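Have a look at the structure below, then the notes.
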Amino acid sequence: MKKLLLIALVLSLPLLFFAWRYVKSEPKTAVVESKEVKRFVYASGYVEPENFVFVKSEVSGRIEKIFVREGDKVRKGQVLAKFSSDELDASLRDLEARLKLTQERLDKNSPYLMALRERVEIAYIQMQQAQVEYERRKDLAEKGLIPKEQLERFKNTYEVYRKEYEASLNQYKDAISGLQTEEKSILAKINGLRAQKDKYVVKSPVDGVVLSRYVKEGSYINHLSQENVLFGIGNPEKIEVVLEVDEEYAGLVKEGQKVFLTLDTFPGRTFEGEIYLKEGQLDRTKKTVRVKVKTSLPENTPTYSTVEGKILIEKRQAILVPKEAVRDGKVLKYERVRNVEVPVKLGQDYEGYVEVLEGLKVGDRVILR
């Protein structure tokens with residue numbers, strides 16, 4: 001019996017050796033799979049009240065009076081602050097005085113127009129008398145009772161008075177026309193200054209709460225400056241997330257895309273949201289575009305909490321292989337009997353995997369190198 005066992009053991013040793021060699025030489029492989037892949041754009045931002053607005057000034061100058069404090073509820077159109085408008089007021093007073101004088105002179109009973117009308121009336125009477133005298137001499141000349149030289153003298157006198165009358169009448173009309181033009185011009189300037197003065201009164205553009213006040217009475221504001229921000233107004237009971245996307249990725253981000261959010265305020269938690277607004281203006285200083293995200297955050301979320309966002313820009317099925325299977329745009333396709341080097345066309349990278357666009361199909365096995 002021992003003899004038979006020894007023979008069996010001797011016969012099985014070569015088989016075990018070849019099996020061990022086969023297992024040892026078997027290459028490490030991976031199967032080509034179709035998986036769902038996702039691409040994200042990363043952005044950071046903050047939490048702010050919904051419908052939050054920065055109130056800015058339309059004019060430059062010193063703030064004379066502030067009528068609200070942080071925490072005050074305000075209505076749309078409510079006055080928040082007033083700029084000093086001394087120079088503007090002085091110009092308005094001057095124009096209003098000129099307007100009053102002009103309108104007084106335009107009154108038909110004003111001494112100015114009455115004097116002009118009197119000149120017209122005198123000139124008219126003189127012209128009428130001269131015309132009567134001329135007509136009488138004309139009849140006498142036709143009958144040969146007076147010489148033609150005498151008729152010519154009365155004719156010239158009549159022409160002189162006629163021209164004086166026309167000149168005084170035109171002067172009267174021109175005076176009225178000039179005063180009317182001046183009145184319109186002054187009124188236009190007054191209306192322009194009054195419209196300008198309206199801008200010296202800062203009003204709330206929305207209903208809400210004054211959440212921030214960035215100025216104090218006596219502050220000088222340059223309305224063309226980047227620092228031209230007076231108040232921040234919004235509704236603290238409703239909050240939203242604002243993310244700032246780098247300029248190079250702005251073209252990939254669109255309204256309606258899903259966003260995954262994390263907040264330092266709530267470590268370990270992830271919140272889902274959706275982009276509902278992408279602003280069309282680039283911040284030239286930060287080189288970013290702002291997007292607004294609707295999401296459900298806890299009621300105790302502080303405004304202006306820091307937020308990190310992953311914006312889902314793509315989700316689809318793709319054929320993937322591990323990156324370590326690819327070398328110089330080729331893979332070794334494992335076919336047990338032999339390994340075949342296959343060129344592949346590659347797409348995007350996905351966390352240790354690479355997309356295969358051409359050259360392989362799902363189920364193929366490739367050697368990891």
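Scanning segment 79-93 for residues that are of a type outside the set (A, V, I, L, M) and surrounded by 14 or more Cβ atoms within 10 Å (Cβ to Cβ) yields 82, 83, 84, 85, 91. A count restricted to segment 140-199 and to residues that are of a type in the set (Ser, Thr, Tyr) and under 17 Å from residue 125 (Cα atoms) stands at 6. Looking at this structure, is residue 240 outside any helix (DSSP H, G or I) and either open to solvent by 50 Å² or more (accessible area, probe 1.4 Å) or not aliphatic (A, V, I, L, M) (or both)? It is true that residue 240 is outside any helix (DSSP H, G or I) and either open to solvent by 50 Å² or more (accessible area, probe 1.4 Å) or not aliphatic (A, V, I, L, M) (or both).
Could you tell me whether segment 199-206 includes any residue that is outside any loop (DSSP other than H, G, I, E, B) and either touching a Phe, Trp or Tyr at 6+ places or on another chain (Cβ under 9 Å) or among the acidic types (Asp, Glu) (or both)? Yes; the residues of segment 199-206 include at least one that is outside any loop (DSSP other than H, G, I, E, B) and either touching a Phe, Trp or Tyr at 6+ places or on another chain (Cβ under 9 Å) or among the acidic types (Asp, Glu) (or both). Would you check if there is a residue in segment 287-296 being open to solvent by 60 Å² or more (accessible area, probe 1.4 Å), farther than 14 Å from residue 43 by Cβ and touching a residue at least 40 places away in the same chain (Cβ under 8 Å)? Within segment 287-296 (the criterion being open to solvent by 60 Å² or more (accessible area, probe 1.4 Å), farther than 14 Å from residue 43 by Cβ and touching a residue at least 40 places away in the same chain (Cβ under 8 Å)), the answer is yes, since at least one residue qualifies.
Filter segment 211-263 for residues that are free of Cβ contacts under 8 Å to residues at least 24 places away in the same chain, over 19 Å from residue 276 (Cα atoms) and of a type in the set (Gly, Ala, Ser) and give the result. 225 - this is the single residue of segment 211-263 that is free of Cβ contacts under 8 Å to residues at least 24 places away in the same chain, over 19 Å from residue 276 (Cα atoms) and of a type in the set (Gly, Ala, Ser).
Yes or no: residue 149 of a type in the set (Asp, Glu) and within 44 Å of the chain's Cα centre (by Cα)? So residue 149 does not fit the description; no. Looking for something farther than 14 Å from residue 40 by Cα and open to solvent by 70 Å² or more (accessible area, probe 1.4 Å) - is there at least one such residue anywhere in segment 247-256? Yes - at least one qualifying residue is present in segment 247-256.
Quick check: anything in segment 188-203 open to solvent by 50 Å² or more (accessible area, probe 1.4 Å), touching a strand residue (DSSP E or B) at 6+ places or on another chain (Cβ under 8 Å) and at pLDDT 95 or above? Within segment 188-203, one or more residues are open to solvent by 50 Å² or more (accessible area, probe 1.4 Å), touching a strand residue (DSSP E or B) at 6+ places or on another chain (Cβ under 8 Å) and at pLDDT 95 or above.
Residues in segment 323-358 that are among the charged types (D, E, K, R), closer than 22 Å to residue 39 by Cα and modelled with pLDDT under 90 were compared, and the one that is surrounded by the most Cβ atoms within 10 Å (Cβ to Cβ) is 349.
The values are calculated or read from the model by the stated rules, or taken from the named source; none is laboratory data. Not measured: the values here are computed from a predicted model. Note that we place each Cβ from the backbone using ideal geometry, even for glycine, and neighbour counts take in every protein chain shown. Just the protein is used for accessible areas: all its heavy atoms, side chains included, with ligands, DNA and RNA removed. Shrake-Rupley method; radii C 1.70, N 1.55, O 1.52, S 1.80 Å.
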